[in-house]
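Have a look at the structure below before the remarks.
Every number in this text was worked out from the coordinates using simple rules, so none of it is lab data. It should be emphasised that the depicted structure is a prediction, and the values quoted were computed from it without experimental measurement. Neighbour counts run over all protein chains shown; Cβ positions are idealised from the backbone, glycine included.
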Amino acid sequence: GEDVEQSLFLSVREGDSSVINCTYTDSSSTYLYWYKQEPGAGLQLLTYIFSNMDMKQDQRLTVLLNKKDKHLSLRIADTQTGDSAIYFCAEKGQAGTALIFGKGTTLSVSS
Amino acid sequence: ETGVTQTPRHLVMGMTNKKSLKCEQHLGHNAMYWYKQSAKKPLELMFVYNFKEQTENNSVPSRFSPECPNSSHLFLHLHTLQPEDSALYLCASSQDHLAGVNTGELFFGEGSRLTVL
């Protein structure tokens, strides 16, 4: 079956880079996503990457996709305390299938 | 503001109560979803509606009953719940669940925190 795995916790210091990793099993994934959930809020889309790309950069965010290894990563440069949140990796398969989410990685940023 | 509004934000109910969660989206989307979020577990897809028709029911117990009267509104009717049903229930919408041409991006509400005593 489809599965998305991520580590549960990451702790970094303010100003450092954060790298959150994700692995998935569905080789037919068309899009892969990173969502952010702040305390008491729903999930908000941070960025997404189409499966025929291997990198996408958006300001402080860099997404790397290794389709062969089914590995997705999110790098946050110059991490700030406001980046503290839960980050969810998700994949979308073929048309007509709903997004599959991982358990979320809690990022804790200390000053 | 994501354009998806959920009420109530918090709900406490006994196992014999009947209550409903409401979701409304103002984005002109055609697909709506219920997800369950429990601690240390992946987000669990419960139901999907596309153009008011239910297209997915992810083996959800019958004590959860969804209703989608139109593309903008989605309800989750709750009755005789168990304490293990306590969780954050998230509603989401997307442009069209079945079309392959769009990115499939989901827009989430802030969730309804449910506690079953």
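In table form, for the structure just shown:
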| item | result |
| --- | --- |
| Fraction of beta bridges assigned by DSSP in the protein assembly as shown that are antiparallel (%, nearest 5) | 90 |
| Dipole in debye (nearest 20) - the protein assembly as shown, about Cα centre, beta carbon charges: Lys, Arg +1; Asp, Glu -1 | 380 |
| Share, in percent, of DSSP beta bridges within chain B that are antiparallel, nearest 5 | 90 |
| Three-way shape label, chain B, alpha-carbon gyration tensor, a/c 1.5 | prolate |
| Sequence-distant residues sharing a close amide H with residue B:115 (under 5 Å, placed H) | B:11, B:12, B:13 |
| Inter-probe distance in nm under a simple model that places probes 7 Å from Cα toward Cβ, at residue A:56 and residue B:84 | 3.7 |
| Relative contact order of chain A, defined on C-alpha pairs under 8 angstrom at six or more residues apart (%) | 38 |
| Among B:70-81, A:52-63, the order from most to least packed when residues are scored by Cβ within 10 Å on average | B:70-81, A:52-63 |
| The protein assembly as shown: radius of gyration over Cα atoms, expressed as a fraction of 2.2 N^0.38 Å | 1.01 |
| Entries of A:56/B:22; A:70/B:52; A:56/A:103; A:68/B:36 with Cα pairs more than 29 Å apart | A:56/B:22; A:70/B:52; A:68/B:36 |
| Per-peptide average of other Cβ atoms within 10 Å, ordering B:51-64, A:20-33, A:65-78 highest first | A:20-33, A:65-78, B:51-64 |
| Net charge contributed by nearby residues that have their C-beta within less than 13 Å of residue B:39 (K/R +1, D/E -1) | +3 |
| Isolated Cys in chain B, by beta carbon distance under 4.7 Å | B:68 |
| Chain B - charge dipole about Cα centre, Lys and Arg +1 at Cβ, Asp and Glu -1, debye rounded to 20 | 440 |
| In nm, spacing of pseudo-spin labels at residue A:106 and residue A:5 (7 Å Cα→C-beta vector) | 2.1 |
| Net charge dipole size for region A:1-75 [Lys, Arg +1 and Asp, Glu -1 on Cβ; Debye, nearest 20] | 220 |
| Antiparallel bridge percentage (DSSP; both residues within chain A; nearest 5) | 90 |
